[in-house]
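So the structure is just underneath, and the comments pick up after that.
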2 protein chains.
Amino acid sequence: MNNIIDIIGKRTSLRNYADKTITDEHLDIIIESAMRAPTAGNMMPYSIIIIRDNKTKEILSHTCDEQPFIAKAPVVLLFIADYQKWMDYYVLNKVEEFCVENGREFTRPSEASLFLATEDALIAAQNAVIAAESIGIGSCYIGDIMEHYEKHRDIFDLPEFAFPVGMLCLGYYPEGYSLPPRERFNKKYIVFNEKYQRVAEEDIKDMFKHLDNKFVDTNKYNAKNYAQMHYSFKTNADFSKEMDRSIREVIRIWNGKNMTSI
Amino acid sequence: MNNIIDIIGKRTSLRNYADKTITDEHLDIIIESAMRAPTAGNMMPYSIIIIRDNKTKEILSHTCDEQPFIAKAPVVLLFIADYQKWMDYYVLNKVEEFCVENGREFTRPSEASLFLATEDALIAAQNAVIAAESIGIGSCYIGDIMEHYEKHRDIFDLPEFAFPVGMLCLGYYPEGYSLPPRERFNKKYIVFNEKYQRVAEEDIKDMFKHLDNKFVDTNKYNAKNYAQMHYSFKTNADFSKEMDRSIREVIRIWNGKNMTSI
C-alpha cells in the first residue's frame, strides 16, 4: 500500500481546524493541483474563488444551511461551474455573426455545458482535497453552496453563466486530531460487474441495517423507522427544497436556447 | 514536493494502454479508493459498474461519440448517479404512507438529488484516477457517456433513478510512455480572490491566445478564427446537442414531483 492509497483511505471530513492561517505556499500547492485535474476538451469551464474574508465566511455559514464551522475555516474555496469566459471568447470573436452567415444557431450554454462544467469543477475540487490532505490540511465539502443561487451570485459578483457547485472548507488538523473513517455501504451494493444489479428487498434491509440501528423511537418527525426519519431530515428537508428551487433557476438560465431570440 | 503532488502534477489522460489485463488486486485498490471519497451525508448516491466485456466496450466506443480507444481499454468503469437504492429503502419502509399520515408530500428524486449524486460520483471517480495513477495505471474520462441515456439504460439494465454521469477507461502505461502535461489557462483567469473577476475583453484575447494560435485558415467550418472553429466542432457539434437532449430527458425524470400523482 503506497502513501497515496493510505491518505485516500484515511481521509475524513474535517470540521474543526487548528487556529492558524494556511500559508501561501501551501494554498498554492492546493490550487495548482486543482488546476492539473482532468477537464473535458481541456476547456477548464470552472473558476475557483479563494475566500479568507471573515465577513464572507460568516455569511456563507448562514446561507449554507446554518453550519457555524464554515466561519471558522481559515480558507474557503468556492468551485464554480463557469462558461462565461468561453461565451465571452465566442462573442468577442463574432461567433454569432458566423452562425448567422452559415445558417446555424448561436446558442446559450446548455444543460450539457452545465453538467460538464459541474463535473470538471468537482474533479478539480477532489484534486485539491487530496493535495491538501498530503500536506496536513483537512477539508470539508459544502454541497449547500448550491442553495440560494441568487444570494451567492450577488455576494460574489457572478456573471450569468457562473454557478457555484461546490465549496471546500480548509484548515490544518488540530494537534493530535484523528477520526476513524466512516462506515460505508458494503461494496456489493455499490459495485457491480458488467450490468446494474437492482438491490433486492431483503438486501435493501441488509444494506441499510447500520442506519436502521440508529433509529430513535421518540423523534420530532413522528417517524416509525430510520428511513422515515432520514426522508424527513434530509431528502424532504427545507434545505433540500431550497436546493431544488435554486438549481431549477440555474437550469432555466443554462437552457441552450438561441441567444438572439432572448 | 511530495509524491502525491508530483503524481497529480504529471497526470495526463491516457488513451493508449499496455496490452495486459488489470490485476484484481489493483482493481480492488482503485475501487476501494473510490468508495472512500467524500460523499454528502455519507449517502453514497452512486454505483460503479466494472466493464471488461469486449462487446460492451465496443458498443461504448460507438455510443460515446465514436472513440475507438474505449474498446481497447482493459477495464472501463461506469460511474452512475444513483438514488434508486435510497428510493427503494424509502418505499420498503413505507415513507409514502408516513408522508400521507403526516400531511407531507412523498417526492421523486429531484434536481438537487441529481446534482449531488453527480458530484459524489465524480468525486469518487477522481479518487479512482489518482489511486490508479499511483500504481501505474493511467486513465481517461469519457463525458460522452451522458449522451444516449436510453441506450445506456437498456445496455446496463439501469432502473429509473440511475444515470451514468462519468466513465473511466483504465489501463497500464505502455512501456516507456510519457506525455508532457497539457497547457492550462493562466491561473489569473481561473482563480480569484474573494469575488469573481469578469475577464476583460483584452484579457480574453490573452487568455485564449495559445488556442488562437492553433487556427487553421482553411477549415471545413468556414470559420474565420479559432473561436468560430471551436464553437463548431465542440459546443454546437452534434454530440453536444445529443448530450443536451439526453440530459434534458434525465432532468425530466428527476423532477422532485409527488410520487403519488404520476
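The values are calculated or read from the model by the stated rules, or taken from the named source; none is laboratory data. None of these values were measured; they are calculated from a predicted model. FYI the Cβ positions are ideal-geometry reconstructions off the backbone, even for glycines, and counts take in every protein chain you see. For the accessible areas, the whole protein counts, side chains as well, though only heavy atoms, and no ligand, DNA or RNA atoms are used. Shrake-Rupley method; radii C 1.70, N 1.55, O 1.52, S 1.80 Å.
Answer with yes or no whether B:Y17 is more than 12 Å from chain A (Cβ to nearest Cβ), open to solvent by less than 60 Å² (accessible area, probe 1.4 Å) and in contact with a helix residue (DSSP H, G or I) (Cβ under 8 Å, 6 or more places away or on another chain). In short, yes. The C-beta contact set for the stretch B:219-240 (first residue closer than 14 Å to A:T107 by Cα, second residue charged (D, E, K, R) and not in a helix (DSSP H, G or I), distance under 7 angstrom, 6+ apart or interchain) comprises B:N236/A:R104.
Restricting attention to the stretch B:207-249, the residues that are at the interface with chain A (Cβ under 9 Å from one of its Cβ atoms) and among the β-branched types (V, I, T) total 2.
Residues in the stretch B:192-206 that are facing another protein chain (nearest Cβ under 7 Å) and in a loop (DSSP other than H, G, I, E, B) were compared, and the one that is most open to solvent (accessible area, probe 1.4 Å) is B:R198.
Among what's in the stretch B:44-63 and is touching a residue at least 60 places away in the same chain (Cβ under 8 Å) and crowded, with 20+ Cβ neighbours inside 10 Å, pick the residue that is farthest from the other protein chains (Cβ to nearest Cβ). Out of the qualifying residues, it is B:L60. Residues in the stretch B:84-105 that are at pLDDT 95 or above and not in a helix (DSSP H, G or I): B:N93, B:K94.
In the stretch B:42-79, the qualifying residues are those that are among the charged types (D, E, K, R) and closer than 18 Å to B:H148 by Cα, and the one that is farthest from the chain's Cα centre (by Cα) is B:K55. Only residues that are more than 8 Å from chain B (Cβ to nearest Cβ) and touching a residue at least 24 places away in the same chain (Cβ under 8 Å) were counted in the stretch A:74-99, giving 11.
Among what's in the stretch B:114-128 and is touching a residue at least 24 places away in the same chain (Cβ under 8 Å) and at the interface with chain A (Cβ under 7 Å from one of its Cβ atoms), pick the residue that is farthest from A:F79 (Cα to Cα). Going through the qualifying residues, I end up with B:N127. When restricted to residues that are within 7 Å of chain A (Cβ to nearest Cβ), in contact (Cβ under 8 Å) with a residue 24 or more places away in the chain and among the basic types (K, R), the stretch B:100-113 contains 0. For A:R153, the conditions (1) within 21 Å of the chain's Cα centre (by Cα); (2) farther than 21 Å from A:R15 by Cβ; (3) at pLDDT below 95 are fulfilled apart from (3). The requirement of being in a loop (DSSP other than H, G, I, E, B) and open to solvent by 70 Å² or more (accessible area, probe 1.4 Å) is fulfilled somewhere in the stretch A:222-233, by at least one residue.
Residues in the stretch A:136-170 that are in contact with an Asp or Glu (Cβ under 9 Å, 6 or more places away or on another chain), outside any helix (DSSP H, G or I) and either more than 23 Å from A:T39 (Cβ to Cβ) or open to solvent by less than 10 Å² (accessible area, probe 1.4 Å) (or both): A:S139, A:I142, A:E147, A:H148, A:F161, A:A162, A:F163, A:V165, A:G166, A:M167.
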